[in-house]
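Undergrad: There's a structure below that I have some questions on.
The values are calculated or read from the model by the stated rules, or taken from the named source; none is laboratory data. Given the structure is predicted, the values throughout are model-derived calculations rather than measurements. When we count neighbours, we look across all protein chains shown, and the Cβ atoms used for this are built from the backbone with ideal geometry, even at glycine. Surface accessibility is based on the protein's heavy atoms, side chains included, excluding ligands, DNA and RNA. Shrake-Rupley method; radii C 1.70, N 1.55, O 1.52, S 1.80 Å.
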Amino acid sequence: MKEPVRALHLKLRKPSSPLGACSIRMDPTNASLFRCRFLRKISILGLKLAADILINPVFPEEFVVKEKSRTLSEIASAKDRPQVVAGWEFSELVYEKHPLHRPSHGYPETVATLTRADLLDYHEHFIVPNNAILSMVGDFRTSEVLTKIERYFGSWPSKPLSLPLHSKPQRQTEQRIKYISMPAQQLNIYLGHLGIERANPDYYALQVLDTILGGGAGFTARIPQRLRDELGLAYTTFASITSSAGADPGRFVSYIGTSPENMKAAVEGLVHEIQRIINEPVTDQELQDACDYLTGSFVFSFETSSQIARFLVHAEIYGLGFDYIEKYPEYIRAITTDDISRVARKYLDSQTTRWLLLGR
């Protein structure tokens, strides 16, 4: 009898078109993500082709030139978008000299110097089976797929791995403010500081805090409710410390896009709401609403095969366990109002923040 749809996840280690598409990009975990999608009827052929592309890349010169040109065009286009530029500059303030300050697309001067030899060198040193995770989701027979994985990936040689070492970024202890003049209809304001890693044990309490402070849906989050709905200062405003948490510390970001004449009220509003959640307990109703939202929307993270496959990789990277889907609601429901007050005092700071204000 045919087996049901299932997910297969394993580390890739040596033992001690119209029919499909492949792409590779950087993931928020700071990993290179190689993703393929194939029709079921050619899934085995697709697996064979994926292995060949991953293990024996050619990087044709004409495609390297084309991709560099595309990336440079994207960087140039992004420079015309004030909110994007403000986000880049805010990262420069938060991470300072740490490599995380760099925008994901790179800089024009660095992208322009990349060569085919650079790509081959990167692949040689970092795209190796002892530094890889394979996740497959779909309608397949596990025994058949495992045999094919061994056939197509089994000869991939492991190599000594030496990852670049950097000291962890440090949380600043003084306030810094940066103003950037740029033609724009509104003022883009980023206010915040260094955040947390995904593995932080307080991640779930901070996720609930995010939902109450600035990341919830509807009209329940404090910052959107107060600054957008009640004061009419902005259409877009939010705050979050968990959304960028990864293998390295992310950023605590509070953002508002407003008209220049509202700058003082907007900044004061952001600071006030951050101080309020630090100094005053959230209500039982706010906690209940946040937990209901997080546990109720969690299921939408697993609607597609691609989402499930990505989760399996993240579960391996962060040690979440494959019972995480069942346990997540328990983690969230265990959070109390005292937990929110504790993590707010520990991880948020409205006094030693980085401010980035971009506009006319």
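Undergrad: Which condition number in (1) farther than 30 Å from Arg37 by Cα; (2) in a helix (DSSP H, G or I); (3) in contact with a helix residue (DSSP H, G or I) (Cβ under 7 Å, 6 or more places away or on another chain) is the one that Ile335 fails?
TA: (2) is the only condition that Ile335 fails.
Undergrad: Determine if segment 72-89 includes at least one residue that is more than 23 Å from Pro183 (Cα to Cα) and surrounded by 11 or more Cβ atoms within 10 Å (Cβ to Cβ).
TA: no
Undergrad: Further question: Which of the residues belonging to segment 179-210 are of a type outside the set (Gly, Ala, Ser), over 17 Å from the mean Cα position of the chain (by Cα) and open to solvent by 10 Å² or more (accessible area, probe 1.4 Å)?
TA: Those that are of a type outside the set (Gly, Ala, Ser), over 17 Å from the mean Cα position of the chain (by Cα) and open to solvent by 10 Å² or more (accessible area, probe 1.4 Å): Tyr179, Ile180, Met182, Pro183, Gln185, Gln186, Leu187, Tyr190, Pro201, Asp202.
Undergrad: If you take the residues of segment 307-360 that are out of contact with any His (no Cβ under 9 Å at 6 or more places or on another chain) and among the polar types (S, T, N, Q), which of them is least open to solvent (accessible area, probe 1.4 Å)?
TA: Of everything passing the filter in segment 307-360, Ser341 is least open to solvent (accessible area, probe 1.4 Å).
Undergrad: Another question about this same structure. Please pick out the residue among Thr173, Thr142 that is more than 28 Å from Arg35 (Cα to Cα) and at pLDDT below 90.
TA: Step by step, each of Thr173, Thr142 is checked, and only Thr173 is more than 28 Å from Arg35 (Cα to Cα) and at pLDDT below 90.
Undergrad: Let me ask something else. Have a look at Phe322, Phe311 and point out the one that is aromatic (Phe, Trp, Tyr), assigned to a helix (DSSP H, G or I) and farther than 19 Å from Ala221 by Cβ.
TA: The unique qualifying residue is Phe311.
Undergrad: So which residues in segment 274-308 are over 23 Å from the mean Cα position of the chain (by Cα), β-branched (Val, Ile, Thr) and not in a loop (DSSP other than H, G, I, E, B), if there are any at all?
TA: Answer for segment 274-308, where residues must be over 23 Å from the mean Cα position of the chain (by Cα), β-branched (Val, Ile, Thr) and not in a loop (DSSP other than H, G, I, E, B): Ile277, Ile278.
Undergrad: Only residues that are surrounded by fewer than 17 Cβ atoms within 10 Å (Cβ to Cβ), closer than 17 Å to Ile308 by Cα and β-branched (Val, Ile, Thr): list them for segment 134-162, please.
TA: Matches in segment 134-162: Thr142 only.
Undergrad: Shifting gears a bit: Say we look at segment 90-102 and pick out the residues that are under 14 Å from Asp248 (Cα atoms) and part of a helix (DSSP H, G or I); which of these is least open to solvent (accessible area, probe 1.4 Å)?
TA: Val94
Undergrad: Return yes when Lys48 is open to solvent by 80 Å² or more (accessible area, probe 1.4 Å), over 25 Å from His166 (Cα atoms) and basic (Lys, Arg) and no when it is not.
TA: Considered against the rule, which asks whether it is open to solvent by 80 Å² or more (accessible area, probe 1.4 Å), over 25 Å from His166 (Cα atoms) and basic (Lys, Arg), Lys48 comes out as yes.
The rows are residues; the columns are (1) of a type in the set (D, E, K, R); (2) buried (at least 24 other Cβ atoms within 10 Å of the Cβ); (3) out of contact with any strand residue (DSSP E or B) (no Cβ under 8 Å at 6 or more places or on another chain).
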site: Ala221; (1), (2), (3): no, yes, no
site: Asp229; (1), (2), (3): yes, no, yes
site: Thr236; (1), (2), (3): no, no, no
site: Ser244; (1), (2), (3): no, no, no
site: Pro260; (1), (2), (3): no, no, no
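Undergrad: For segment 29-37, does any single residue satisfy the condition of being more than 20 Å from Asp121 (Cβ to Cβ), modelled with pLDDT under 75 and within 23 Å of the chain's Cα centre (by Cα)?
TA: Within segment 29-37 (the criterion being more than 20 Å from Asp121 (Cβ to Cβ), modelled with pLDDT under 75 and within 23 Å of the chain's Cα centre (by Cα)), the answer is yes, since at least one residue qualifies.
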